[in-house]
Each structure stands twice: as structure tokens, then as C-alpha cells.
1. Within the set of pairs 6+ apart or on separate chains, which have a first residue in region 3-14 that is farther than 16 Å from Gly40 by Cβ, a second that is open to solvent by 90 Å² or more (accessible area, probe 1.4 Å) and part of a loop (DSSP other than H, G, I, E, B), and C-beta atoms under 8 Å apart?
2. List the helices (runs of 4 or more DSSP H) that sit entirely inside the chain and contain at least 2 residues that are among the hydrophobic types (A, V, I, L, M, F, W, C).
3. Kindly check whether there is at least one residue in region 41-52 that is surrounded by 10 or more Cβ atoms within 10 Å (Cβ to Cβ), among the small types (Gly, Ala, Ser) and under 20 Å from the mean Cα position of the chain (by Cα).
Amino acid sequence: MTATLNRWGNSTGVRIPKEALERSVLQLGDDVEIVIINNGIALHKKTKKTLNDIIKPLINTKDWKFDREEANERR
């Protein structure tokens with residue numbers, strides 16, 4: 001399967017053939033991560049993380065409770 005790089009405004013783009021998209025886990029509208037490997041480019045589907053997914057490893061959730069009033073309190 002081949003495709004051609006084309007100019008899109010100030011960027012360069014490539015159209016992904018329908019067959020390639022159907023054989024991958026990617027769908028129209030997905031966010032992708034662009035990775036440079038072996039002098040080429042790979043696209044990886046970007047996983048969507050929630051705020052809790054990001055914060056959870058940073059805090060001890062067992063003894064922690066968020067208090068909005070305390071957090072916004074002026075000292």
C-alpha cells in the first residue's frame with residue numbers, strides 16, 4: 001500500500017487508504033500520537049485519560065479527601 005505526501009497549508013499531510021484504516025484500530029476522529037521510529041513515522045491511537053487516571057498515582061487515596069472550600073481558602 002502506498003500514499004503520497006501532500007502540502008496542507010503550512011503542514012504536510014498524507015491520506016490513509018480506507019483498507020489500511022479498516023485493518024487498524026484507528027477510526028475517523030481519533031487522536032493519534034506520532035512516533036518517529038527507524039527513520040519512519042508510526043501512528044498510535046492516543047488513549048483518553050481522565051483527571052482521576054492522572055492524579056491517582058500521585059496521591060494516597062486511602063486517607064485523602066478533597067475539600068473545595070479548604071482548597072479555595074485564602075491564607
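1. Here the result reads Asn6/Arg15, each pair linking region 3-14 to a residue that is open to solvent by 90 Å² or more (accessible area, probe 1.4 Å) and part of a loop (DSSP other than H, G, I, E, B).
2. Numbers: elements: 18-23, 51-55, 68-72.
Here the list reads 18-23, 51-55.
3. yes
The values are calculated or read from the model by the stated rules, or taken from the named source; none is laboratory data. Just so it is clear, the model here is predicted, and its values are computed rather than measured. Cβ coordinates were reconstructed from backbone atoms using ideal geometry, including for glycine residues, and neighbour counts include every protein chain displayed. In case anyone asks, the SASA skips ligands and DNA or RNA and just uses the protein heavy atoms, side chains included. Shrake-Rupley method; radii C 1.70, N 1.55, O 1.52, S 1.80 Å.
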